[in-house]
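Only the coordinates and a few stated rules stand behind these numbers; no lab work does. All of these numbers come straight from a predicted model, not from anything done at the bench. Positions of Cβ are generated from backbone atoms using ideal geometry, with glycine treated the same way; all protein chains shown enter the neighbour counts.
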Amino acid sequence: MGIVKTKNLTFEYIRRDDEGNVEGVTKAVDDVSIDLKEGDFVAILGHNGSGKSTLAKHINALLLPTEGSVIVDGIDTLDTDQMLKVRQTAGMVFQNPDNQIIGTVVEEEVAFGPENMGVPTKEIWKRVEDSLKAVGMFAYRTASPNKLSGGQKQRIAIAGIVAMKPKCIILDEPTAMLDPKGRAEVLRVLHELNEKEGVTIILITHYMEEVIEADSVFVCDKGRIVMQGSPKEIFSHVEELKELRLDVPQVTELAYELKKAGIPIKDGILTNEELVRELKNVYYR
Amino acid sequence: MSIIVDKISYIYEEGSSMERLALDNISCVIEQGEFIGVIGHTGSGKSTFIQHLNGLLKANKGHIYYNEQDIYAPDFKMQELRKHVGLVFQYPEHQLFESTIFKDVCFGPKNLGFSDKDTQIAAFNALRQVGLDESLYYQSPFDLSGGQKRRVAIAGVLAMKPDVIILDEPTAGLDPKGRDEILDCVKKLHDEMKITVILVSHSMEDVAKYVDRIMVINDGKLVFNNEPKAVFARHEELEKIGLAAPSVTYIMEDLYKAGFDVDRSAITIEEAKNSILNLLK
């Protein structure tokens, strides 16, 4: 069984009017059953309001299912006695680093999580050191977080989660506010954690380029999973993705446009190398 | 209408131990009807810079001339400047507060002393310009989607009938379609109403697609101020300061290295496509 498994997961918001009367019910997540393999790099795509953040918040028990169930590393999130265990297994990083950093010194910030968990002091120091090294921020351990760039702050937020040694990290648009370099830094750190430490990564993003190297991709719409597969499979469906208010990486789009113009190129081109190879085939044919 | 920025410098917390030079001797000219992109890494000073253009921050050194008037002259009315130069902050939807969308958009012009009738006309026009459906005007702004809320916030600034609109990362956090909708809307305002647009963005692809000129800010200095093609041609220097060229430029670079004689200065998919098609024909 996978690290995260949902079975017929449904989550409903109750809408109320000014007097508090029930106006109706919105299904933010609608009968979702997914099974994520431990150690995978998973991407979740979906337009604003598609239910992807609501789905993600179920994975570390910030929200509990209205119907169905969520099993995280063998624990049902509805078992509220084990909520802390669930949150230690699945850590969450949000969009705006400024909203989630509270410490005045980088080390302190990263130590907050393990300290709260009751980890012995000596072990905390070791974890802080290890996780800051893992995100490439050890040199800044005595700096003040507010002096750092956006990408650096976001890496500190990730280190704070890593220090709790989760098996799985969920990131809800962690790069939305970052410049190109900051985005690249955060992505590199996530792939390193995934490859070296075997941490399962669940990345929610609106940047299609960040999805190219994922192991699997899920696409949300109206609270349901409407597409799933490898990046190659997903990005072969350019028109469907655009209808879902999404996009494809620029290289995929260029290849698609060339194909529409009559150049025989295969679908789902994801890298520059692939496109170069395809065009060479066409050119030297 | 033109804005002349003449050697401005700005120091945060001057005289304290936290003193920091945020803007360092910046000069530039912004003409009526331009569509300008401002890029720079986080903390480069670009937000500080744009806040000078409508007088929210006052430079420690240098001058800014709006329509040939010195905005730091004692008899200059700052409110006039703010009427003409509208600023849409990051995540502007967090500033929505009224019970209906229409009331929210009325807030700006009312504050500027427009009569009730003029306020309402301005609000109607602004909401129409951002393409919001009329059936929504009297609903709560909080029931809208992220992209719609942002358009309401932009309408709130447009209702003050600015000549210049500055948008600070207007697409952050929006899905791809939402990004296109906002930027297409801004482009339309620019084309049809000849509004000057200053767009601060972290998306090189968006900047490449929409703007006529790019200003690159690094460590408080204006390091490039040129057409997009000319700026992105120097992508190696951009990379050193935390920026990049649009992905498509790197594709063309790779194709060129592989022996294809393509146009390496292409910065949009359209240009890249045409260049490749020409070669293969």
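General observations
- Restricting the first member to region A:261-274 and to residues that are exposed (fewer than 15 other Cβ atoms within 10 Å of the Cβ), and the second to residues that are not hydroxyl-bearing (Ser, Thr, Tyr), the beta-carbon pairs closer than 7 Å and six or more apart or on different chains are A:ALA261/B:LYS273; A:ALA261/B:LEU277; A:PRO264/A:VAL282; A:LYS266/A:GLU278.
- Out of A:THR104, A:THR77, A:THR142, one residue alone is of a type in the set (Ser, Thr, Tyr), under 30 Å from A:LYS7 (Cβ atoms) and touching a residue at least 12 places away in the same chain (Cβ under 8 Å). It is A:THR77.
- Elements of type helices (runs of 4 or more DSSP H) in region B:1-115, at least 3 residues being farther than 26 Å from B:MET215 by Cα: B:101-111
- For region A:262-282, the criterion of being at positive phi, facing another protein chain (nearest Cβ under 10 Å) and in contact with a strand residue (DSSP E or B) (Cβ under 9 Å, 6 or more places away or on another chain) is met by none of the residues.
- Any chance B:VAL223 is more than 9 Å from chain A (Cβ to nearest Cβ), in contact with a Phe, Trp or Tyr (Cβ under 7 Å, 6 or more places away or on another chain) and over 26 Å from A:ALA261 (Cα atoms): no
- Residue match in region A:71-79 (condition: among the aliphatic types (A, V, I, L, M) and surrounded by fewer than 18 Cβ atoms within 10 Å (Cβ to Cβ)): yes
- Long-range neighbours under 6 Å by Cβ, at least six apart or interchain, first residue more than 11 Å from chain A (Cβ to nearest Cβ) within region B:164-175, second part of a loop (DSSP other than H, G, I, E, B): B:ILE165/B:ILE195; B:ASP168/B:PHE89; B:ASP168/B:GLN90
- Residue within region A:88-107 that is under 16 Å from A:ILE204 (Cα atoms), part of a loop (DSSP other than H, G, I, E, B) and touching a strand residue (DSSP E or B) at 6+ places or on another chain (Cβ under 9 Å) present: yes
- Region B:241-261, subset among the charged types (D, E, K, R) and surrounded by fewer than 16 Cβ atoms within 10 Å (Cβ to Cβ), residue nearest to the other protein chains (Cβ to nearest Cβ): B:LYS257
- Condition check for A:VAL199: farther than 13 Å from A:ALA43 by Cα, away from every other protein chain (no Cβ under 14 Å) and aliphatic (A, V, I, L, M): yes
- Residue count for region A:145-181 under the criterion of being of a type outside the set (A, V, I, L, M, F, W, C), without any contact (Cβ under 8 Å) to a residue 60 or more places away in the chain and touching a Ser or Thr at 6+ places or on another chain (Cβ under 6 Å): the result is 3.
- Residue within region A:110-125 that is under 19 Å from A:PHE94 (Cα atoms), within 14 Å of chain B (Cβ to nearest Cβ) and either assigned to a helix (DSSP H, G or I) or of a type in the set (Asp, Glu) (or both) present: no
- Residues that are free of Cβ contacts under 8 Å to residues at least 24 places away in the same chain and buried (at least 17 other Cβ atoms within 10 Å of the Cβ) within region B:77-128 comprise B:LYS110, B:PHE114, B:GLN120, B:PHE124, listed in sequence order.
- Residue pairs meeting the criteria (Cβ under 8 Å; at least 6 apart or on separate chains; first within 11 Å of chain B (Cβ to nearest Cβ) and more than 16 Å from A:ASP31 (Cα to Cα), in region A:46-57; second polar (S, T, N, Q) and surrounded by fewer than 24 Cβ atoms within 10 Å (Cβ to Cβ)): A:ASN48/B:SER145; A:GLY49/B:SER145
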